[in-house]
Amino acid sequence: MSGTGALAANAARAERPDEAPPRRVDFGRIVSLAALLGPAVLLLGVGLVWPFLMMARMSVLDRFPDPTGLTLEFFQTVLTDPYFLRIIGRTFSLAVVVTAITAVIGYPVAWFLARSRSRWKHLVFLGVISPLMVSIIVRSIGWTIILGNEGFINALLTALGIIDTPLRLMQSFWSVVAGMVHILIPFMVLSVASVLGKIDPAYAEAAKVMGANPVRTFLKVTLPLSVQGIASGSVIVFCLTVGAYVTPVMLGRGKVTVMAMTIHEQMVVLVDWPTGAAVAMVLTFGTLVVLTLYGLFLRRHARR
Amino acid sequence: MSDISLDPPPPHAARAPASERLLNAYVVAVLLFLALPIFIVVPLAFSDDVSLSFPPHGFSLRWFANIWARPEFASAFALSAAIAVFATALSLVAGTLAAVGLVRHQFPGRDSLVTFFMTPLIFPAIVLGAAVALMLAPMGLLRSFWGLALAHTVLTFPYVLRTAVATLSEIDRALGEAAYTLGANRWKTFRHVTLPLMRPGLLAGATFALIVSFDEFTVSMFLVGPGMMTLPLEMYNYAEFSLDPTIAAISTILLIITSVAILVIEKLVGLGKQFS
């Protein structure tokens, strides 16, 4: 069975590792591919695609639970009512602000991870990813303790004699920003570091040899080369911020309503499923638009 | 987000020591920022105060005792652990199979399929939760183990798949070919050669899957109910009404568990190498 023929076939395959043997419809291969990929496709089909399609359908049906026809009424409400518009605006501006801040704060850390020869690098890496492993509830409670009226910052400022009455740091847009930035920095750092790590330092050296100062070298050579890392980190941070629920609820305390809270409120508290579904669709499509823009941006900056 | 090399970078001209010191100080500052909200919780767990105020006063272990006095925490912990184990196991099976299909076969639409498999990472969790609830409600599965398990498996799958694909791509095909040539069939080759080589990657992927599922809040929010609470939701509900150090005590216990888990995995496979 495993005579010279099989050996030759194997040898041929080893030479061209990415090509399956002969070029004809190979049913065995199709069956094995289906068996390998089937469970995953089934899982996402049943757990993601099908429920999403049901929700999309609900957002355009005129009545719930017994529909009589199609309507865009719920979208119209969501996209014209100032109440919803303010929430949509706040959600997306929160995401833009959080993305920008994580990029600015995270970039030097990514630089350190990619370039430093420090022996603490491994520890810094663990320090960066370990917050990902701590419960989001724990982290939000930590921020409550830091920013609260009886919290860390107010206690510190009072002890130093800087303030008499505690500052109200919670329940604001910026307290939510602080919490979100904290949660999402690791994603940005890892994305940027992985791209920075692949850039040959010789490029920067060449610029330096040609007479560019460090600032110019960074702005004209290293930064443009690492744009892909910033872009992919930004996509993750942006998407996770627009869909966030826990941090805005716990740090905003009812004062910073975002779309995720509205979806939950419409569906679970008010049991108005179609309006909730319409808000969810607006959130998904808004995210999709950002992803498309990112795809176009990457194509323009494609290095190949 | 591919691999980050922890090996020393190729030699290049040293930067001015001053700027290097500045960078080091900056990195330390960011690490402190990342650690502060986590470690500020721990001292409060031993506080004698009835509220979560800083600085803590006195010393008491009664908040730890309070956890035991409330059986809902234990049952929520058990449910979260069961869901996490179930979702991780299912993700491991589906993810390992899919990784073999994606890495070892060329077929049209492969890249689109990879993108599709990764969507749960960036898909808004709130939309996923609401949509799954919408689907399960008519089936009567809304407040059931199976509803939670399905949603969590969808969320954990990309983490397992990503590490499985990364590990499998690094394995030399010749090793499998050799076993095949020596008379092992495809299954035996996979079972005795490929799978053991993939083990570190799968272990790292499984760790992330466990943590992601155990910590999941937004999706679960739509799928739980009375008597069917996961730990993050139970903690949130408790904190809604009483912001006393009980929550800090639970957080401290969770911190210890995750720290031990991270250290064990770090020793076994090296998280730094596996996280990609």
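The values are calculated or read from the model by the stated rules, or taken from the named source; none is laboratory data. The structure displayed is predicted, hence computed values, not measured ones. We place every Cβ from the backbone using ideal geometry, glycine too, and count neighbours over all the protein chains shown. Just the protein is used for accessible areas: all its heavy atoms, side chains included, with ligands, DNA and RNA removed. Shrake-Rupley method; radii C 1.70, N 1.55, O 1.52, S 1.80 Å.
Inside segment A:144-187, can you point out the residues that are hydroxyl-bearing (Ser, Thr, Tyr) and within 8 Å of chain B (Cβ to nearest Cβ)?
Within segment A:144-187, just A:144 meets the criteria.
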Handout entry: Selection count, segment A:86-110, where residues are over 30 Å from residue B:254 (Cα atoms) and at the interface with another protein chain (Cβ under 7 Å from one of its Cβ atoms)
Key = 1
Practice task
Return only the number of the condition from (1) over 21 Å from the mean Cα position of the chain (by Cα); (2) closer than 21 Å to residue B:94 by Cα that residue B:150 does not satisfy.
Solution key: (1)
Handout entry: residue A:253 open to solvent by 50 Å² or more (accessible area, probe 1.4 Å), more than 9 Å from chain B (Cβ to nearest Cβ), more than 18 Å from the chain's Cα centre (by Cα) and under 30 Å from residue A:141 (Cβ atoms)
Key = yes
Problem - Criterion (closer than 27 Å to residue A:31 by Cα, of a type in the set (A, V, I, L, M, F, W, C) and in contact (Cβ under 8 Å) with a residue 40 or more places away in the chain) met by exactly one of B:107, B:157 - result: B:157
Practice task
Look through segment B:136-153, keep the residues that are open to solvent by 10 Å² or more (accessible area, probe 1.4 Å) and at the interface with chain A (Cβ under 10 Å from one of its Cβ atoms), and return whichever of them is farthest from residue B:212 (Cα to Cα).
Solution key: B:138
Exercise for the section: Determine whether segment A:222-230 contains at least one residue that is of a type in the set (Ser, Thr, Tyr), more than 30 Å from residue A:67 (Cα to Cα) and not in a helix (DSSP H, G or I). Expected result: yes
Fill in the blank from the handout: Taking segment A:234-248 and keeping only residues that are over 15 Å from residue A:281 (Cα atoms) and either β-branched (Val, Ile, Thr) or more than 10 Å from every other protein chain (Cβ to nearest Cβ) (or both), one is left with A:234, A:235, A:236, A:237, A:241, A:246, A:247, A:248
Handout entry: Qualifying residues in segment A:256-294 (those that are aromatic (Phe, Trp, Tyr) and at pLDDT below 90) - the one most open to solvent (accessible area, probe 1.4 Å)
Key = A:294
Practice task
Give me the pairs, please: first residue somewhere in segment A:28-42 and facing chain B (nearest Cβ under 7 Å), second residue anywhere and open to solvent by 60 Å² or more (accessible area, probe 1.4 Å), beta-carbon distance under 8 Å, and either six or more positions apart or on two chains.
Solution key: A:39/B:93
Completion exercise
Pairs returned, first residue in segment B:218-232 that is hydroxyl-bearing (Ser, Thr, Tyr), second residue that is in a loop (DSSP other than H, G, I, E, B) and open to solvent by less than 10 Å² (accessible area, probe 1.4 Å), beta-carbon separation under 7 angstrom, 6 or more apart or interchain, are B:220/B:230
Problem - Tally of residues being open to solvent by 40 Å² or more (accessible area, probe 1.4 Å) and in contact (Cβ under 8 Å) with a residue 40 or more places away in the chain across segment B:71-87 - result: 6
Practice task
Please determine, by comparing only the residues of segment A:64-102 that are small (Gly, Ala, Ser) and surrounded by fewer than 21 Cβ atoms within 10 Å (Cβ to Cβ), which one is farthest from the chain's Cα centre (by Cα).
Solution key: A:69
Completion exercise
Listed by range, helices (runs of 4 or more DSSP H) wholly within segment B:45-141 having at least 3 residues that are touching a His at 6+ places or on another chain (Cβ under 8 Å) are B:71-104
Completion exercise
Exactly one of B:50, B:30, B:41 is more than 30 Å from residue B:151 (Cβ to Cβ) and open to solvent by less than 60 Å² (accessible area, probe 1.4 Å), and that one is B:30
Fill in the blank from the handout: Those residues of segment B:211-233 which are more than 10 Å from chain A (Cβ to nearest Cβ) and open to solvent by 10 Å² or more (accessible area, probe 1.4 Å) amount to B:224, B:226, B:227, B:228, B:229
Exercise for the section: Select from segment A:244-270 the residues that are within 17 Å of residue A:175 (Cα to Cα) and of a type outside the set (A, V, I, L, M, F, W, C) and list them in ascending order. Expected result: A:245, A:247, A:248, A:252, A:253, A:254, A:255, A:257
Problem - residue B:131 at negative phi, crowded, with 22+ Cβ neighbours inside 10 Å and within 11 Å of chain A (Cβ to nearest Cβ) - result: yes
Problem - Enumeration of residues in segment A:240-250 that are under 12 Å from residue B:124 (Cβ atoms) and either buried (at least 22 other Cβ atoms within 10 Å of the Cβ) or touching a residue at least 60 places away in the same chain (Cβ under 8 Å) (or both) - result: A:241, A:242, A:243, A:244, A:245
Fill in the blank from the handout: Of the residues in segment A:188-230, those that are of a type in the set (A, V, I, L, M, F, W, C), open to solvent by 20 Å² or more (accessible area, probe 1.4 Å) and either closer than 19 Å to residue B:26 by Cβ or touching a strand residue (DSSP E or B) at 6+ places or on another chain (Cβ under 7 Å) (or both) come to A:215, A:218, A:219, A:223, A:230
Problem - Meets criteria (in contact with a Phe, Trp or Tyr (Cβ under 9 Å, 6 or more places away or on another chain) and free of Cβ contacts under 8 Å to residues at least 40 places away in the same chain) for residue B:241 - result: no
Exercise for the section: Please specify each residue of segment A:103-129 satisfying the condition of being in contact (Cβ under 8 Å) with a residue 60 or more places away in the chain and open to solvent by 40 Å² or more (accessible area, probe 1.4 Å). Expected result: A:105, A:111
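This table checks each residue for (1) within 35 Å of the chain's Cα centre (by Cα); (2) within 17 Å of residue B:106 (Cα to Cα); (3) modelled with pLDDT of 90 or more.
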position: A:18; (1), (2), (3): yes, yes, no
position: A:23; (1), (2), (3): no, yes, no
position: A:27; (1), (2), (3): no, yes, no
position: A:30; (1), (2), (3): yes, yes, no
position: A:33; (1), (2), (3): yes, yes, no
position: A:38; (1), (2), (3): yes, yes, no
position: A:46; (1), (2), (3): yes, no, yes
position: A:49; (1), (2), (3): yes, no, yes
Exercise for the section: Would you check if there is a residue in segment B:47-59 being on the phi > 0 side of the Ramachandran plot and not β-branched (Val, Ile, Thr)? Expected result: yes
Practice task
Would you be able to tell me the number of residues in segment B:169-203 that are within 12 Å of chain A (Cβ to nearest Cβ) and in a helix (DSSP H, G or I)?
Solution key: 14
Practice task
Taking the residues in segment A:43-63 that are more than 8 Å from chain B (Cβ to nearest Cβ) and closer than 19 Å to residue B:149 by Cβ as candidates, determine which candidate is least open to solvent (accessible area, probe 1.4 Å).
Solution key: A:45
Problem - Residue that is away from every other protein chain (no Cβ under 11 Å), under 30 Å from residue A:111 (Cα atoms) and not basic (Lys, Arg), where the choices are A:214, A:224 - result: A:224
